[in-house]
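Data first, discussion second: the structure below is written as structure tokens.
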Amino acid sequence: METKYKFIINDKKQNLPPGAKISFLPEKLISLSLPEFCPPFEIICPIESRATLYIHSPNNSMAQIHLSLEANCHLELATTSLSTQITATLTKNATLNIVIINDKTTNAKNNIEVNLNGQNASASINGLYSLKNEEQADNNITIRHNSPHTESNLYFKGILDDHAYANYVGNIIIEKGSSKSISQQSNKNLLLSSTAHINARPVLEILNDDVKCSHGATVGDINQDELFYLQSRGINKENAKKIIYHAFAREIITKVNSHELRKLLNNNLALSFDRYRTDSLDNSLVEADRCLHGQHSFT
């Protein structure tokens, strides 16, 4: 990917690396609002740097991003209301955590390719698509383990209503020589309509024997026992459904380490579920917290 701009995570205000356009100070959450038409750009995390980024757009833009993570650095990145093309390279001991949320997006496309090029590099790619009417989401993720002792976690969830359609393809590739690597992949979907459709294809390509890997995909609808339980607590049916949707989806938000970013995404998520109903939710979302803490399980 040829990039026009470079963004550097830097804890110093001076001595910018050659070619840097902007230097970020990593103490706080960095929020980037993209225009409708945005040129490709690169985010560089130098050795031992740490940063949390939130990239969003009011215009459902396409973001083309290359992530370069040098040794011992940590980057957490969340995107909302975007289509994304992300490539990432990780060197020794680098960690990457990505959370992608697509809701209220007519036709979202996410193509992500991660290369774990150094020992003990790890990547966690998490996503949520919440779709209704004729909205679509297409997620294609590839993670390559190019070095031993690398780890990846790929976890996507979907909620589909009306005539919504989603496509999920996850490719985990363990290359030769990448022994002692660990990978987990899961895709879970909640269908709220008989006309909603999901095509899920989790794939493992293992070229090394000494690894630990798992993958799977599930599709289901609302559990009537769970719905009955919430109604027996005095919650009306529509609010009970919304609590189940929220608890199912919010597991993805818990993958975010930054408290500030997690709070922001959770507030956005609560607002997005107003699309599924017209009644007010009042204080019933406390039940969703109980779901996440094991008192009820809707995952």
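Under a model in which nothing but the beta-carbon of Lys, Arg (+1) and Asp, Glu (-1) is charged, region 5-221 shows a dipole of about 460 debye around its Cα centre. Peptides 255-264, 52-61 ranked from most to least packed, by the mean per-residue count of other Cβ atoms within 10 Å: 52-61, 255-264. The label point for Phe37 and the one for Val203, both projected 7 Å from the Cα toward the Cβ, are 3.4 nm apart.
How large is the Rg to Rh ratio of region 115-205 when both quantities use alpha carbon positions and Rh follows Kirkwood?
Numbers: Rg = 15.2 Å, Rh = 13.9 Å.
Rounded to two decimals, Rg/Rh equals 1.10.
Potential lengthening of the chain between Gln119 and Ile182 amounts to 21.5 nm, from the contour at 0.36 nm per residue minus the alpha-carbon distance.
Taking 0.36 nm per residue of separation and subtracting the Cα-Cα distance, what length does fully extending Thr195 through Asn107 add? Write down the numbers at each step before the final one.
Details: separation 88, 0.36 × 88 = 31.68 nm, distance 1.74 nm.
The Thr195-Asn107 span can extend by a further 29.9 nm.
Within a Cβ distance under 10 Å of Leu191, other residues only, what is the Lys/Arg minus Asp/Glu net charge? Don't jump to the answer; show the numbers that get you there.
Numbers: positive: none; negative: Asp161, Asp221.
Spelling it out: positives minus negatives among the neighbours equals -2.
From the alpha carbon centroid of region 181-252 to that of region 70-111 is 21 Å.
Cut-off 14 Å, label point 7 angstrom out along Cα-to-Cβ of Asn133: give me the residues of region 77-111 whose amide nitrogen falls inside. The answer is 103-108.
With a ≥ b ≥ c taken as the square roots of the eigenvalues of the C-alpha gyration tensor of region 5-221, please select rounded if a/c is under 1.5 and otherwise prolate if a/b is larger than b/c or oblate if it is not? It is oblate, given that a/c is not under 1.5 and a/b is not larger than b/c.
Looking at this model, which pairs from Lys212/Lys237; Lys104/Lys237; Lys188/Lys263; Lys6/Lys188; Lys104/Lys176; Lys6/Lys109 are more than 32 angstrom apart at the alpha-carbon?
On the way: Lys212/Lys237 42 Å; Lys104/Lys237 23 Å; Lys188/Lys263 23 Å; Lys6/Lys188 35 Å; Lys104/Lys176 41 Å; Lys6/Lys109 23 Å.
Over 32 Å apart, Cα to Cα: Lys212/Lys237; Lys6/Lys188; Lys104/Lys176.
Which ³J(HN,Hα) values, rounded to whole Hz and listed in residue order, are derived for region 109-116 from phi using the Karplus coefficients 6.51, -1.76 and 1.60 in 6.51 cos²θ - 1.76 cosθ + 1.60 with θ = phi - 60°, glycine and proline given as x? Coupling constants for region 109-116: 10, 10, 10, 10, 10, 10, 10, 8 Hz. Close amide H pairs (under 5 Å, H built 1.01 Å from N) link Ile86 with Ile65, Asn111, Ile112, Glu113, residues at least 5 positions away or on another chain.
With the simple model of a label 7 Å out from the Cα in the direction of the Cβ, Val219 to Arg233 spans 3.0 nm.
Every number in this text was worked out from the coordinates using simple rules, so none of it is lab data. Being a predicted model, the structure only gives us computed values, none of them experimental. Every residue, glycine as well, gets a Cβ built from its backbone with ideal geometry; the counts of neighbours run over all protein chains shown.
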